[in-house]
1. Just to be sure before I move on: is Val75 at pLDDT below 95, more than 21 Å from Ile8 (Cβ to Cβ), open to solvent by less than 90 Å² (accessible area, probe 1.4 Å) and aliphatic (A, V, I, L, M) in the structure I sent?
2. Under 7 Å by Cβ, and 6 or more places apart or on different chains, what pairs join a residue from the stretch 42-59 that is under 18 Å from Arg78 (Cα atoms) with one that is open to solvent by less than 80 Å² (accessible area, probe 1.4 Å)?
3. Exactly one of these conditions fails for Thr34: (1) more than 22 Å from Pro87 (Cα to Cα); (2) touching a strand residue (DSSP E or B) at 6+ places or on another chain (Cβ under 9 Å). Give me its number.
4. For the stretch 13-67, name all the residues that are open to solvent by 90 Å² or more (accessible area, probe 1.4 Å) and in a loop (DSSP other than H, G, I, E, B).
5. Considering every residue within the stretch 30-50, establish whether at least one is farther than 22 Å from Glu17 by Cα and modelled with pLDDT of 95 or more.
6. Which residue is modelled with the lowest pLDDT, if the candidates are limited to the stretch 81-105 and must be under 20 Å from Glu29 (Cβ atoms) and part of a helix (DSSP H, G or I)?
Amino acid sequence: MYTDELRIPDGVLSDPEAFEIMRLWAAHEELHVTLNSDLSGGAADFGELLSDLFEHAARMFSERDGQSLEHCRDVMLRDFMERVGAPKDSIEGAILDSGERRLSN
């Protein structure tokens, strides 16, 4: 099993009100996701979160692959819109109570 966790971003540990929003894993050729269901706000607020994540990813791909930021944004958005228009039937999940969550060390 993969054990090298990604580093926690600078500034997070010094904020006593910081919290984890999601975890994403690729396993068995599928994406496995855990979302914090205690998030305040609603669907529109999650859209804001996704747009911020989109921008971070576009900048990473631009820098890593030596492509323009605009190109990376265009490619990502085009693929995103296609996939949102035809969601997978295999997506499943459940909302867990706070007591059902496990804390990792």
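1. Answer is no for this residue.
2. Phe54/Met76; Ala57/Met76; Ala58/Leu69; Ala58/Cys72; Ala58/Arg73; Ala58/Met76; Arg59/Leu69
3. (1)
4. Once the filter is applied, which keeps residues that are open to solvent by 90 Å² or more (accessible area, probe 1.4 Å) and in a loop (DSSP other than H, G, I, E, B), the stretch 13-67 yields Leu13, Ser14, Pro16, Glu17, Phe19, Glu20, His28, Glu29, Asp38, Ser40.
5. Checked against the condition, which is being farther than 22 Å from Glu17 by Cα and modelled with pLDDT of 95 or more, the stretch 30-50 yields no hits at all.
6. Ranking the qualifying residues of the stretch 81-105, first place goes to Arg83.
The values are calculated or read from the model by the stated rules, or taken from the named source; none is laboratory data. What you are looking at is a predicted structure, and each value in this text was computed from that prediction instead of being measured. For neighbour counting, all protein chains shown are included, and Cβ atoms are generated from backbone atoms with ideal geometry for every residue, glycine included. Surface accessibility is based on the protein's heavy atoms, side chains included, excluding ligands, DNA and RNA. Shrake-Rupley method; radii C 1.70, N 1.55, O 1.52, S 1.80 Å.
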